[in-house]
1. What are the pairs with Cβ atoms under 7 angstrom where one residue, in segment A:15-35, is surrounded by fewer than 13 Cβ atoms within 10 Å (Cβ to Cβ) and the other, located anywhere, is among the hydroxyl-bearing types (Ser, Thr, Tyr) and modelled with pLDDT of 95 or more? Sequence gap at least six, or different chains.
2. Go through B:511, B:447, B:471, B:500 for me and flag whichever is over 25 Å from residue B:544 (Cα atoms), assigned to a helix (DSSP H, G or I), without any contact (Cβ under 8 Å) to a residue 24 or more places away in the chain and of a type in the set (Asp, Glu).
3. Given B:605, B:570, which one is hydrophobic (A, V, I, L, M, F, W, C), in a helix (DSSP H, G or I) and in the same structural domain as residue B:496 (by TED's automatic domain parsing)?
4. I'm told residue B:332 meets every condition in (1) closer than 23 Å to residue B:433 by Cα; (2) among the β-branched types (Val, Ile, Thr); (3) touching a strand residue (DSSP E or B) at 6+ places or on another chain (Cβ under 8 Å) except one. Can you identify the failing condition by its number?
5. Modelled with pLDDT under 95 and closer than 23 Å to residue B:377 by Cα: which single residue out of B:317, B:282, B:356 fits that description?
6. Of everything in segment B:514-526, what is without any contact (Cβ under 8 Å) to a residue 24 or more places away in the chain and either surrounded by 18 or more Cβ atoms within 10 Å (Cβ to Cβ) or not in a helix (DSSP H, G or I) (or both)? Give them in sequence order.
7. Could you please find all residues in segment B:106-139 being more than 7 Å from chain A (Cβ to nearest Cβ), without any contact (Cβ under 8 Å) to a residue 60 or more places away in the chain, crowded, with 24+ Cβ neighbours inside 10 Å and under 22 Å from the mean Cα position of the chain (by Cα)?
Amino acid sequence: MSTGDGMEKKINLTLKVWRQKGPDKKGKIETYRAEDISTDMSFLEMIDVVNEKLVLEGGDPISFDHDCREGICGMCGAVVNGRAHGPSKGTTLCQLHMRHFSDGDTVVIEPFRSRAFKLVKDLVVDRSAFDKIIQAGGYVSVNTGGVPDANAIPIPQEKADLAMDAAQCIGCGACVASCPNASAMLFVSAKVSQLALLPQGRAEAPTRVINMVKEMDNQLFGNCSNERECEAECPKSISIVNIARLNREFIKAGLLSNEK
Amino acid sequence: MQLDANVPGGPIESKWDKHRFELKLVNPANKRKFTIIVVGTGLAGASASASLAELGYQVKTFCIQDSPRRAHSIAAQGGINAAKNYQNDGDSIRRLFYDTVKGGDFRSREANVYRLAQVSNTIIDQCVAQGVPFAREYGGLLANRSFGGAQVSRTFYARGQTGQQLLLGAYSALSRQVALKKVQLYTRRDMLDLVMADGKARGIVVRNLINGEIESYSADAVILATGGYGNVFYLSTNAMASNVSASFSAYKKGACFANPCFTQIHPTCIPVHGDYQSKLTLMSESLRNDGRVWVPKKPGDKRKPEDIPESERDYYLENKYPSFGNLVPRDVASRNAKEQCDQGKGVGETGYAVYLDFKDAIKRDGQDVIMRKYGNLFDMYQRITDDDPYKTAMMIYPASHYTMGGLWVDYNLMSTIEGLFVLGEANFSDHGANRLGASALMQGLADGYFIIPYTIGGYLAGTKLNAISTDHADFKSSESAVKSKIRTLLSTNGKRTANDFHRELGTIMWDYCGMARNNDGLKIALSKIQNLKGEFVENVKVSGIDKEFNQNLENAGRVSDFLSFGELMVEDALARQESCGGHFNEGFQTEENEARRDDENFSHVAAWAYQGEGKPPVLHKEPLSFENVKLSQRSYK
């Protein structure tokens with residue numbers, strides 16, 4: 001299975017990793033050596049190598065969330081050298097490859113920090129606040145069965161495309177981690193936009209936007225002050241145009257709805 | 001044991017209607033008295049949880065990730081099939097049924113597959129109503145594309161992220177029921193045992209992954225929607241946490257495991273590079289709509305693909321299978337790629353890759369069109385390989401992707417344990433020996449939205465169930481068994497990590513029980529796995545303690561089950577002395593190197609019953625009869 005890939009290089013790194021046993025324990029940065037790292041490895045495979053060594057030495061491997069390792073489940077994420085998901089644009093941590101680092105680099109790895117994301121262990125945080133926001137209205141209220149034929153309502157291709165652009169959000173939390181206010185506005189707006197753009201979602205658009213924004217506040221996320229850091233770090237390149245659309249929906253809802 | 005599939009009588013077109021009428025109903029006021037456990041929140045689990053809660057049942061839903069939105073259905077790329085015939089190209093329920101049975105190489109149960117085709121259309125309606133942003137034509141109607149094993153365009157898609165969009169649809173329906181307090185959601189819970197009482201499935205024991213506590217939950221019925229076991233190969237396109245443990249615990253409690261040797265090796269994945277690799281990445285089969293698969297005619301040709309002239313390229317799928325071309329079913333495409341590489345015509349550094357080339361499609365349609373269709377896949381390819389597929393041919397190679405085998409279920413999706421239902425990839429029923437592209441999403445949602453809501457009602461209405469609490473002795477004995485297994489793992493303190501064992505198991509499975517198998521190899525595999533299992537018990541090293549967030553311990557438990565399961569898989573492959581679909585035994589092939597079935601002796605489902613640790617499992621057979629399709633040698637020429 002191994003390759004003698006001529007392009008592949010081996011590099012050595014110094015890792016500075018946030019270690020914290022639990023939410024109420026004190027955390028600190030620990031230093032590790034990552035040696036003989038192939039530049040074809042993904043960032044998480046690099047941590048795997050460090051962890052395997054730690055286990056064999058009787059140490060405590062670094063806890064980090066990950067699952068699909070192809071950039072779609074939204075499970076992984078850490079702040080690498082000050083940037084959510086690391087230095088590559090539009091890339092989740094699992095899809096970041098070591099060819100973007102150089103021999104001798106020091107890499108600082110920290111969890112996504114936010115008041116709303118309680119730390120679980122090391123780089124693992126609790127993002128259930130996102131689920132709570134979706135539960136507040138991130139759906140179309142239809143039961144299974146009894147719906148019209150899929151082609152009964154044509155949707156202009158452009159609208160469907162815009163809805164899909166917004167729907168790509170993977171719920172990783174990078175937007176929150178990057179925002180100076182730890183706002184979840186990009187996350188909320190992606191769902192509000194997707195459903196507001198489609199005729200199926202219009203019926204509940206006013207209550208949805210109000211309830212979801214209210215829940216965002218309840219979950220202790222901050223507010224949006226147009227810093228645009230979220231858009232810059234979003235691994236799915238979700239545009240802040242969605243935030244503008246949320247704001248329009250919010251104002252419309254405020255004017256037209258009884259829900260305050 | 002007599003396996004009774006409980007298939008209703010009558011013509012195939014009306015079986016499901018007839019059955020739905022005959023199933024007992026639970027009156028609306030009584031539904032809230034029943035509690036149902038659903039394990040897994042992929043397409044099958046999330047759609048079942050939502051639909052059952054909407055009907056009024058009390059639902060407890062469990063997942064291993066931090067949110068139900070992250071289940072591995074999310075990674076499905078290409079699309080979902082339905083017999084809508086929106087393209088006016090000759091599709092019908094009967095054709096989808098026929099393609100699926102034939103694609104599965106005549107090893108699936110006709111009645112289940114027909115029902116799947118019947119409900120396929122309502123799935124699309126349901127998803128659109130939820131706000132799933134499927135691709136559309138300029139006129140605003142839904143777009144379709146083609147997938148392998150079909151000559152019609154019946155696949156609906158949302159760019160290269162169809163699984164994500166369908167899962168988020170089901171997750172939104174589930175979230176709505178959570179908000180209505182009809183579903184109680186338990187995240188970061190790992191199911192470690194199934195609990196039986198009076199011979200019926202009545203609950204589960206889980207490990208709370210945050211604090212390591214062992215927790216018990218009781219119910220009137222248990223639904224497993226815990227996915228497939230593709231990670232038995234270590235390297236696969238499955239997510240890292242995808243595992244067989246939940247299914248395997250049910251198997252150990254008496255649920256038969258059916259056709260474990262039917263695994264799908266997907267033809268279009270990014271080739272392996274390096275020993276450190278942790279997983280493989282799929283490139284959607286939809287790419288085969290426009291990409292052309294080829295290898296250099298001359299073995300060992302090291303020129304860059306763009307420097308090899310047309311006359312020196314072998315478009316082997318188009319040449320060998322002119323009517324299906326690049327869109328032959330997955331098992332056929334994979335086996336042919338292996339064959340080319342075994343002949344020395346493979347490309348790339350390892351020689352284990354073939355080209356998938358978009359040069360002609362880009363010339364024909366323009367880069368914009370190709371980008372709109374496959375942009376995210378091309379980006380992903382470039383991120384991983386550092387090659388630009390708009391400029392040079394992609395390299396692909398088959399990888400473990402899906403498992404057709406799973407827990408045996410009857411027509412009601414109930415396993416051989418009463419009250420234990422199994423949905424989606426975790427069951428065995430619809431795909432035979434090979435699944436067609438875009439059919440996994442269809443099956444997961446069919447089971448969850450449109451089948452289990454009916455059949456579970458029939459069970460609950462017709463079964464006497466005593467009240468049960470988690471203080472019951474059966475819960476206590478399950479808990480202590482689970483705890484003792486954990487203690488053993490933590491105290492072994494050997495010299496090899498669980499991951500290292502997993503990697504070795506994967507190599508054994510891939511080499512001897514992968515795309516091509518033979519009896520000698522399978523016997524070698526069996527003894528190798530047994531040795532490895534023995535070594536695991538004595539030499540595994542697991543870090544940390546039980547009462548904490550401990551990913552190393554989670555993984556060790558899963559690897560231990562994969563080791564036992566690997567043995568079962570090889571046993572099954574050895575018992576099936578024929579080739580069919582993804583199970584290709586080199587001793588049974590046609591002159592053209594296609595799988596040669598033995599319908600006289602092996603037209604059955606192989607369902608394995610556990611007999612206890614160290615004892616050989618017992619094989620039960622469910623005969624398959626085909627009344628609506630004619631058994632034939634599959635031909636895609």
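1. Pairs that qualify, where the first residue is surrounded by fewer than 13 Cβ atoms within 10 Å (Cβ to Cβ) and the partner is among the hydroxyl-bearing types (Ser, Thr, Tyr) and modelled with pLDDT of 95 or more, are A:31/A:14; A:33/A:14.
2. Only one candidate qualifies: B:511.
3. One residue alone meets the criteria, B:570.
4. Against the list (1) closer than 23 Å to residue B:433 by Cα; (2) among the β-branched types (Val, Ile, Thr); (3) touching a strand residue (DSSP E or B) at 6+ places or on another chain (Cβ under 8 Å), residue B:332 comes up short only on (3).
5. Details: B:317 fails: modelled with pLDDT under 95; B:356 fails: modelled with pLDDT under 95.
Result of the check over B:317, B:282, B:356: B:282.
6. Listed by number, the list holds a single entry, B:521.
7. Answer for segment B:106-139, where residues must be more than 7 Å from chain A (Cβ to nearest Cβ), without any contact (Cβ under 8 Å) to a residue 60 or more places away in the chain, crowded, with 24+ Cβ neighbours inside 10 Å and under 22 Å from the mean Cα position of the chain (by Cα): just B:117.
Conditions (1) away from every other protein chain (no Cβ under 11 Å); (2) among the charged types (D, E, K, R); (3) within 15 Å of residue A:111 (Cβ to Cβ), marked per residue:
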| residue | (1), (2), (3) |
| --- | --- |
| A:9 | yes, yes, no |
| A:14 | yes, no, no |
| A:22 | no, no, yes |
| A:27 | yes, no, yes |
| A:40 | no, yes, no |
| A:47 | no, no, yes |
| A:54 | no, no, no |
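The values are calculated or read from the model by the stated rules, or taken from the named source; none is laboratory data. The shown structure was predicted, so the numbers you read here are calculated from the model rather than taken from an experiment. As a convention, Cβ positions derive from the backbone with ideal geometry for all residues, glycine included, and neighbour counts pool all protein chains shown.
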